[in-house]
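What follows is calculated from the coordinates using simple rules that are stated; it is not laboratory data. Please read all numbers here as calculations on a predicted model, not as lab measurements. Virtual Cβ from ideal backbone geometry, glycine too; neighbours counted across all protein chains shown.
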Amino acid sequence: KAGVTQTPRYLIKTRGQQVTLSCSPISGHRSVSWYQQTPGQGLQFLFEYFSETQRNKGNFPGRFSGRQFSNSRSEMNVSTLELGDSALYLCASSLEGARSTDTQYFGPGTRLTVL
Amino acid sequence: QKEVEQNSGPLSVPEGAIASLNCTYSDRVSQSFFWYRQYSGKSPELIMSIYSNGDKEDGRFTAQLNKASQYVSLLIRDSQPSDSATYLCAVIGTSYGKLTFGQGTILTVHP
């Protein structure tokens, strides 16, 4: 079974631009969670989608948004990029995103650099 | 107090030794606990999950959970240089799809 895939793997943008990242979950997985990883803050939860609905959201500004399609693929968008948005963006998929026993499997990540 | 705290590293052990990684969490309603391994420049990879009090063994890895003490640990027996990585403790509580991670412990296994 193929794992979680993310595209693109690397991105370089300038301040003020916007960016869209894509995530394809493991086949049969309907929940997709997004995380930001930086050296200073570690791994932080951005949001979670299930059946095209955002069920949960972390403490990030509104510049960070996402969506999920009917095939469970998900995208996240960051508008008006800031230098501090430079990070590794990870998506993880799980069967249902339920509160217990559901295991999240991570994709390879997208390395975003904002200049 | 951080929601999930791991023992400060880095941790260095000789090849063949037991590496002990510890994690405490603050939310008593936390239900599921995970250990991920992350190599430099790579994404987190699941090693173990544990949901009930006690020990769970998988090969050279043993996870231990004590909900009363809000403590979870990972033991790596017969440590190998290939085990050198950052180990992340993660907890899922009452909100959908949200793993809360500790800051990670860097483990180095030297030959």
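Any idea what the dipole of chain B comes to, in debye rounded to 20, about its Cα centre with Lys/Arg Cβ at +1 and Asp/Glu Cβ at -1?
Dipole magnitude for chain B comes out near 240 debye.
Where the eigenvalues come from the Cα gyration tensor of chain A, what are the semi-axes √(5λ) of the equivalent ellipsoid, largest first, in whole Å? Each step should come with its number before you reach the end.
Details: eigenvalues 105, 38, 34 Å².
Value: 23, 14, 13 Å, ordered largest first.
Across peptide A:34-46, what mean number of C-beta atoms from other chains lies inside 10 Å of a residue's C-beta?
Numbers: counts 1, 5, 0, 6, 0, 0, 1, 1, 8, 11, 2, 6, 1.
The mean count of partner-chain Cβ atoms within 10 Å per residue comes to 3.
Quick one: dipole size for chain A, taken about the Cα centre, charges +1 on Lys/Arg Cβ and -1 on Asp/Glu Cβ, in debye to the nearest 20.
140
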(request) Take every Cα pair under 8 Å in chain A that's 6+ residues apart, average their separations, divide by the length, and report that relative contact order as a whole percent. (result) 36
(request) Pick out, from B:81, B:53, B:31, the residue whose Cα sits farthest towards the positive end of the charge dipole of chain B, with +1 on the Cβ of Lys and Arg and -1 on the Cβ of Asp and Glu. (result) B:31
(request) Output the Cα-based Rg and Dmax of chain B in Å, rounding Rg to one decimal and Dmax to a whole number. (result) 13.3, 42
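Give the average, rounded to an integer, of partner chain Cβ atoms located within 10 angstrom of each Cβ in B:88-95. Spell out each step's value before the answer.
Numbers: counts 3, 0, 2, 0, 9, 2, 2, 8.
Mean partner-chain Cβ count within 10 Å for B:88-95: 3.
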(message) In whole Hz and in residue order, list the ³J(HN,Hα) couplings for the stretch B:106-111 that follow from phi through the Karplus curve 6.51 cos²θ - 1.76 cosθ + 1.60, θ = phi - 60°; x for Gly and Pro.
(response) 7, 10, 10, 10, 9, x
(request) Starting from the exponent 0.38 and prefactor 2.2 Å, build the expected Rg for the stretch A:1-63 from its residue count and divide its actual Cα Rg by it. (result) 1.25
(request) Place the peptides B:93-101, A:89-97 in order of packing, highest mean first, counting for every residue the other Cβ atoms within 10 Å and averaging per peptide. (result) A:89-97, B:93-101
(request) Using the Kirkwood radius over Cα pairs, work out the Stokes-Einstein diffusion coefficient for the stretch A:37-77 at 4 °C and 1.567 mPa s, in µm²/s as a whole number. (result) 117
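Take the Cβ-Cβ distance between residue B:28 and residue B:108 as r, set R0 to 35 Å, and report the resulting FRET efficiency rounded to the nearest 0.05.
On the way: r = 33 Å, r/R0 = 0.96.
Step by step, r from the Cβ atoms, then E = 0.55.
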(request) Mind checking which lysines have their Cα closer than 18 Å to the Cα of residue B:2? Skip sequence neighbours fewer than 8 apart in that chain. (result) B:67, B:98
